[in-house]
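Worksheet: one structure, shown below.
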Amino acid sequence: PLTVPAALWALAAEPVDAAPRALAGMAYLAAVSQFGAFVVWYRGMGVMGVARASQLQLAQPLLTLVWAVLLVGEPLTPAAPATAVVVLVCIAVTQRSRG
């Protein structure tokens, strides 16, 4: 709500000329990618516990790295797999510890 005036001012200064396909993509991002993912994420946190779920979220950058290499052809530096192993070990250690 606090950004609505700024958004209206920006739209007046430079109107958006969005095609229906672009608007459909935006609607998908809002409904499925954002809202749907949050529903699943909060359900998972409820089932496994907030602390464990937040530690598991540390694996997200590693999955992003894997998908970037496989799908987009991103070059893989030697430091990336080594760092990934260190992060995965830290996640495994924290998942097994009792607090």
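Brief remarks on what is shown
- With all protein chains in place and a 1.4 Å probe, the accessible surface of the chain carries 73 percent carbon and sulfur.
- Between 0 and 90°, nearest 10: helix 4-13 axis offset from the chain longest Cα axis: 60
- Solvent-accessible area per residue for the chain (1.4 angstrom probe, square angstrom): 84
- Efficiency of FRET between Val40 and Ala10 - r from beta-carbon atoms, R0 35 angstrom, step 0.05: 0.60
- Mean residue ellipticity at 222 nm, helices only, the chain: -19500 deg cm²/dmol; runs of at least 4 DSSP H residues each add -39,500 (n - 2.57), and the sum is divided by the number of residues.
- Förster-model FRET efficiency, 41 Å R0, Met26 and Ala51, C-beta, rounded to 0.05: 0.75
- With the simple model of a label 7 Å out from the Cα in the direction of the Cβ, Val69 to Ser97 spans 2.7 nm.
- Extension gain, Val89 to Asp17: 0.36 nm times the residue separation minus the Cα-Cα distance gives 21.1 nm.
- Rounded to the nearest 20, the Cβ-based charge dipole of the chain about its Cα centre (Lys and Arg +1, Asp and Glu -1) stands at 580 debye.
- Accessible area in the full protein assembly, largest first, 1.4 Å probe, for Trp9, Trp67: Trp9, Trp67
The values are calculated or read from the model by the stated rules, or taken from the named source; none is laboratory data. This structure is a prediction, so every number in the text was calculated from the model and none was measured. As a convention, Cβ positions derive from the backbone with ideal geometry for all residues, glycine included, and neighbour counts pool all protein chains shown. For accessibility, only protein heavy atoms count, side chains too; no ligands or nucleic acids. Shrake-Rupley method; radii C 1.70, N 1.55, O 1.52, S 1.80 Å.
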